[in-house]
Amino acid sequence: MRPDDPFDDAVTARAVIAADGTLTRWSEGACLLLGYTAGEVVGRPAARLLAGGAGAPPTAAVRWSGTLALRHRDGGTVTVWVLAHRRQPADGGAGDWLAVSPLEASDHELPEDPLVRAAVFQSPCATMVFDQELRLRGVNDAMALLLGLPAPQLRGLRPTDVGGRPQHSELERQLRHVLRSGRPHDMQTYMKATGESSAHAWLARLAPLTDRSGRVRGVCVTAHDFTDQYRARERLQLVNEASMRIGTTLDVTRTAQELAEVCVPALADFVSVDLLESEEPGGEPTGPLAAPVSLRRVAHRSLVPGSPESAVRSGEVVVYPAAAPHADSLIAGHSIVASVPSGDLDPWLDADETRARQVRESGVHSMLSVPLQARGTTLGVAAFTRFSRPEAFTHDDVLLAEEVTARAAVCIDNARRYSRERETTLTLQRSLLPRTLPRTAAVEAATRYLPAARSGVGGDWFDVIPLSGMRVAMVVGDVVGHGIQASATMGRLRTAVRTLADIDLAPEELLTHLDDLVLHLSHEAGGDGGPGEVGATCLYAVYDPVSRRCTLSRAGHPAPVLIPPGGPARHLDLPSGPPLGVGGLPFESAELELPDDSVLAFYTDGLVESRGRDTEAGHALLREALSNAAGPLDETCDRVLHTVLSPGGTTDDVALLLARTHGLPSAQVATWEIPADPALVAPIRKQVLDQLDTWSLAEASFTAELVVSELVTNAIRYGAPPIRLRLIHHASTLICEVSDTSHTAPHLRRVKTWDEGGRGLLLVAQLTQRWGSRHTADGKTIWAELALVDEM
């Protein structure tokens, strides 16, 4: 006989009956009991074995036991006790039935078996004893009570004869292991025994039983109920899992969804999270809590796909009346347990037929509402619902739900506060950035700014600044750090750059002054006189459309990309320069000539730096995305962001500025070299008037003649030769520039009544749109800009 095949066992009668009532297997013990061989009964209806008048056991049950009158092959009747249970197949289909009848059943007294006697007296709990053939030799009263079967009738049965659950097959496998190894073994399982009203956690200890020679003669199985320890461990595991899984992001919706996912199915079959509304994003919930309460569903989770038991979709507003446990727990400030059998939910369900129908259809029987509270503020409510699990919520369940919800509430509050700070910082950041770019004749520009996806808004900025002489300055910078402080520092630096640009400093000189400012801000941030952590990078470029030359200087900032017309994109080789705030180190500039329709790409390092990718790869992707910049610059900006940035966003701010250069035609510029002779001012005025006639600007002749006369006369009188006069005409603007080699610039002053001179610049300031001076490598240039208005 093979010990692993119970149908070779002649001690117990076994038969397998298919779902249609046909016998499919017949053991040797069954042949001994009724006289039929397997060939005579297999494939035929099992009901034919019932003696006349005997009723068949019910087929709706999972297990049945009782006495049956069976037909013997010789025509007689055999009355036997039969245990039958349905075996569930792995594919989930209709299972067959295993019917067993022990052939060695005796009276109700425990047998005088030394193994059984030793097990009964030595075991402190529910005990059963198996022999070497895995046959049950006896059980004590505690075990018989759990099995729900009479102890005397169990002799000779195997574990799989007693029940068809996976635990019974596992018990057989472990029994064989103990018999072979001679070592004890422990099994843990969670199940509802036949004699129990609810499921319990069981620890089965399998101990070998040996004779005096040390030979293993059987196995003693003792069952210990460790439900309390099991549930305590489950609660601890859920709390630990909640601490790891809830709050992985600073997003309110995601955090609420994590709370629901952690608690289903560990604590409830359906969990919903509803939050109170606030007047502004991330703000505090406002208004007194009184029924009815309006909340917004931010997350829910169910055992059933699609959450059919939810009457509200995520993102919708739901109003809970006073009878709803959600509103009651919010107003009371503590958890509330309600159940359908007790009638606690009747007032609410009577007023809401739709929800009542869903409760009935889903089989909801118990609900637990826990308010979400953090730092003295009520944020919303989490509702736990059970419909698949039959047990109602216990006091321990309430404590567990409150523990997990409290952790989630702190994370939700952190996310809400972060959202509020991020929104404030982002608003500040966008208010400090230029809302629109100025339209200039020198460049057409397009920009993009993206805040960091996770680490918060930083201090990236860009600007396009019109300068004198139709020139334009382009600047991109990046302040170290994130948050409101970085945005405020960015605003101060952008204002400083505009101020320094207004006095027409050369790029390297502007960065030097900006470096001093960052050092000053860093010492202010230190508080105790020591340096703080304020730092920044910057790139400043000035493009002159008349000469078509661009001068660039950078302070620790990534080099720009140049895309010449019809050529490949390439990074410009510029002196790097130290970051702003280092101090004491010089900055250098580089100058290059740009053909018309060249595109310059300025950006911050957040564009090319990404997790899992080195910077060189980011630069390569950037050049690839800029390879075709002949189209509209806005489309090129979008293509760059789509190509270079990761789908999940960037960990740092991104600022991108694209500028397409345009040169002024030579016909719009007129230049004269002026001898240092006051007598030649009149002929110069005549040449200027002739040029204005050529440009069809006769209406501006009087003002232009006066301005040219005053500026040229001042250059001859107070400047140093050579002196040059240049007129630039574009659209509705006329610019007059007078340059000389003296570094002394004139200043506008208030003229007193008795002063004989000093009124010239005052007249220039009143007759022109704006005027000023700028230093050059050879001296200075005084300029005045006239707005051309059509005369009526």
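Filtering the range 31-48 to residues that are crowded, with 16+ Cβ neighbours inside 10 Å and either of a type in the set (Val, Ile, Thr) or touching a residue at least 24 places away in the same chain (Cβ under 8 Å) (or both) leaves Leu33, Leu34, Tyr36, Val41, Ala46.
Within the range 431-454, the presence of at least one residue that is in a helix (DSSP H, G or I) and on the phi < 0 side of the Ramachandran plot is confirmed.
The single condition among (1) surrounded by fewer than 19 Cβ atoms within 10 Å (Cβ to Cβ); (2) more than 29 Å from the chain's Cα centre (by Cα); (3) not hydrophobic (A, V, I, L, M, F, W, C) that Ser366 does not meet is (1).
For the range 217-239, the tally of residues that are of a type in the set (Gly, Ala, Ser) and part of a helix (DSSP H, G or I) stands at 1. Residues in the range 626-643 that are at pLDDT below 90 and of a type in the set (A, V, I, L, M, F, W, C) were compared, and the one that is farthest from the chain's Cα centre (by Cα) is Ala630.
Taken over the range 450-486, the criterion of being modelled with pLDDT under 90, closer than 24 Å to Leu500 by Cα and polar (S, T, N, Q) is satisfied by Gln485 alone.
Scanning the range 426-472 for residues that are among the hydroxyl-bearing types (Ser, Thr, Tyr), under 22 Å from His557 (Cβ atoms) and crowded, with 18+ Cβ neighbours inside 10 Å returns Thr447, Tyr449. Beta carbons closer than 7 Å, at least 6 apart along the sequence or on distinct chains, pair a first residue in the range 414-433 that is more than 16 Å from Asp652 (Cα to Cα) with a second that is part of a helix (DSSP H, G or I) and polar (S, T, N, Q) for Ala415/Thr255; Leu428/Ser487; Leu432/Ser487. Whether a residue is among the charged types (D, E, K, R), more than 30 Å from Arg623 (Cα to Cα) and modelled with pLDDT under 90 was assessed, and Glu737 does not pass this test. In the range 207-221, the count of residues that are farther than 30 Å from Tyr418 by Cβ, of a type outside the set (D, E, K, R) and within 44 Å of the chain's Cα centre (by Cα) is zero. Residues in the range 222-250 that are within 30 Å of Ile412 (Cβ to Cβ) and crowded, with 18+ Cβ neighbours inside 10 Å: Arg235, Leu238, Ala242, Ile246, Gly247, Leu250.
Residue-by-condition table, conditions (1) closer than 20 Å to Thr37 by Cα; (2) of a type outside the set (Val, Ile, Thr); (3) part of a strand (DSSP E or B); (4) modelled with pLDDT of 80 or more:
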{"site": "Asp74", "(1), (2), (3), (4)": "yes, yes, no, yes"}
{"site": "Thr79", "(1), (2), (3), (4)": "yes, no, yes, yes"}
{"site": "Leu83", "(1), (2), (3), (4)": "no, yes, yes, yes"}
{"site": "Ala90", "(1), (2), (3), (4)": "no, yes, no, no"}
{"site": "Glu104", "(1), (2), (3), (4)": "no, yes, no, no"}
{"site": "Pro111", "(1), (2), (3), (4)": "no, yes, no, no"}
{"site": "Leu115", "(1), (2), (3), (4)": "no, yes, no, no"}
{"site": "Ala118", "(1), (2), (3), (4)": "no, yes, no, no"}
{"site": "Phe121", "(1), (2), (3), (4)": "no, yes, no, no"}
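Of all the residues in the range 671-688, those that are basic (Lys, Arg) and either over 16 Å from Ile735 (Cα atoms) or outside the structural domain of Pro721 (by TED's automatic domain parsing) (or both) number 1.
Scanning the range 555-607 for residues that are among the small types (Gly, Ala, Ser), buried (at least 16 other Cβ atoms within 10 Å of the Cβ) and within 37 Å of the chain's Cα centre (by Cα) returns Ala555, Gly556, Ala559, Ala569, Gly581, Ala601, Gly606.
Of the helices (runs of 4 or more DSSP H) lying entirely inside the range 133-208, not one contains at least 2 residues that are assigned by TED's automatic domain parsing to the domain that holds Thr12. Restricting attention to the range 141-171, the residues that are crowded, with 16+ Cβ neighbours inside 10 Å, more than 17 Å from Gly66 (Cβ to Cβ) and out of contact with any strand residue (DSSP E or B) (no Cβ under 6 Å at 6 or more places or on another chain) add up to 7.
Okay, residues lined up against (1) in contact with a Leu (Cβ under 9 Å, 6 or more places away or on another chain); (2) of a type in the set (Phe, Trp, Tyr); (3) without any contact (Cβ under 8 Å) to a residue 40 or more places away in the chain:
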| position | (1), (2), (3) |
| --- | --- |
| Leu209 | yes, no, no |
| Thr222 | yes, no, no |
| Thr248 | no, no, yes |
| Val252 | yes, no, no |
| Glu258 | no, no, no |
| Val262 | yes, no, no |
| Ala266 | yes, no, yes |
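Listed conditions (1) out of contact with any helix residue (DSSP H, G or I) (no Cβ under 9 Å at 6 or more places or on another chain); (2) surrounded by 15 or more Cβ atoms within 10 Å (Cβ to Cβ) are all met by Ser342, apart from (2). Ser272: more than 19 Å from the chain's Cα centre (by Cα), among the polar types (S, T, N, Q) and outside the structural domain of Met191 (by TED's automatic domain parsing), yes or no? For Ser272, the condition - more than 19 Å from the chain's Cα centre (by Cα), among the polar types (S, T, N, Q) and outside the structural domain of Met191 (by TED's automatic domain parsing) - is met. Taken over the range 312-329, the criterion of being farther than 20 Å from Leu400 by Cβ and surrounded by 15 or more Cβ atoms within 10 Å (Cβ to Cβ) is satisfied by Val312, Ser314, Val318, Tyr320, Pro321, Ala323, Ala324, Ala327, Asp328. The set of residues in the range 531-578 being among the aliphatic types (A, V, I, L, M), over 14 Å from Val443 (Cα atoms) and in a loop (DSSP other than H, G, I, E, B) consists of Val534, Ala559, Ala569, Leu572, Leu574. Just name the residue that is surrounded by the most Cβ atoms within 10 Å (Cβ to Cβ) out of those in the range 17-30 that are within 16 Å of Asp5 (Cα to Cα), of a type outside the set (Val, Ile, Thr) and out of contact with any helix residue (DSSP H, G or I) (no Cβ under 7 Å at 6 or more places or on another chain). Checking each candidate, the answer is Ala30. Out of the residues in the range 206-221 that are more than 17 Å from Arg135 (Cβ to Cβ) and at pLDDT 90 or above, which is surrounded by the fewest Cβ atoms within 10 Å (Cβ to Cβ)? The qualifying residue surrounded by the fewest Cβ atoms within 10 Å (Cβ to Cβ) is Arg215. Comparison of Asp396, Asp328, Asp350 shows that the only residue that is assigned to a helix (DSSP H, G or I), among the charged types (D, E, K, R), modelled with pLDDT under 95 and within 17 Å of Pro265 (Cα to Cα) is Asp396.
The values are calculated or read from the model by the stated rules, or taken from the named source; none is laboratory data. Since the model is a prediction, treat every value here as computed from it, not as a measurement. Using ideal geometry, Cβ is built from the backbone for each residue, glycine included, and neighbour counts are taken over all protein chains shown.
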